[in-house]
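First the structure, in the form of structure tokens, and then the observations on it.
The values are calculated or read from the model by the stated rules, or taken from the named source; none is laboratory data. These numbers come from a predicted model, not from an experiment. Neighbour counts run over all protein chains shown; Cβ positions are idealised from the backbone, glycine included. Quick note on the areas: whole protein, heavy atoms, side chains included, nothing else; ligands and nucleic acids left out. Shrake-Rupley method; radii C 1.70, N 1.55, O 1.52, S 1.80 Å.
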Amino acid sequence: MPVSAEVEQALHRFVDSIVSQSALQDQLNQVEDIEALRNLVQSADPTLTGAAVIPLEQATLPPKILVNSGVTSQEIPWRLLRCPGGPLVLQLICKKANFAVWIESC
């Protein structure tokens, strides 16, 4: 279930942090499992409560609703996409694993 647009801004802020902070990009590129991802995401913003390791095939499928996308200075492709009837999701393709991050509704 989607959260409010105001709450979703946390994902946009997280993307801004990733893009502007080389150290955060380094950390993302070292993450290999869900627990490490959750710890990193929660340390950046506790409102980002949903996280999953996803296969490359899922991370590269054409999205139904693309909100924004880009590539960081360390060549981490990212995209914000809207799941039909669902949440805004951030997908990241990092060196060791691919991730999805979202905000779970309360």
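A few notes on this one:
- Other-chain or far-sequence residues with amide H under 5 Å of residue 69's (modelled H): 80
- 15 Å reach of a label modelled at residue 13, 7 Å along Cα-to-Cβ, counting backbone N of region 27-49: 41-49
- Extension reserve of the residue 22-residue 42 stretch, reckoned as 0.36 nm per residue once the Cα distance is removed: 5.4 nm
- Residue 35 paired with residue 69, simple spin-label distance in nm, labels 7 Å along Cα-to-beta-carbon: 3.4 nm
- Kirkwood Rh (inverse of mean 1/r, distinct Cα pairs), the chain, angstrom: 13.6 Å
- Residues in the chain average 55 Å² of solvent-accessible surface per residue, probe 1.4 Å, ligands and nucleic acids excluded.
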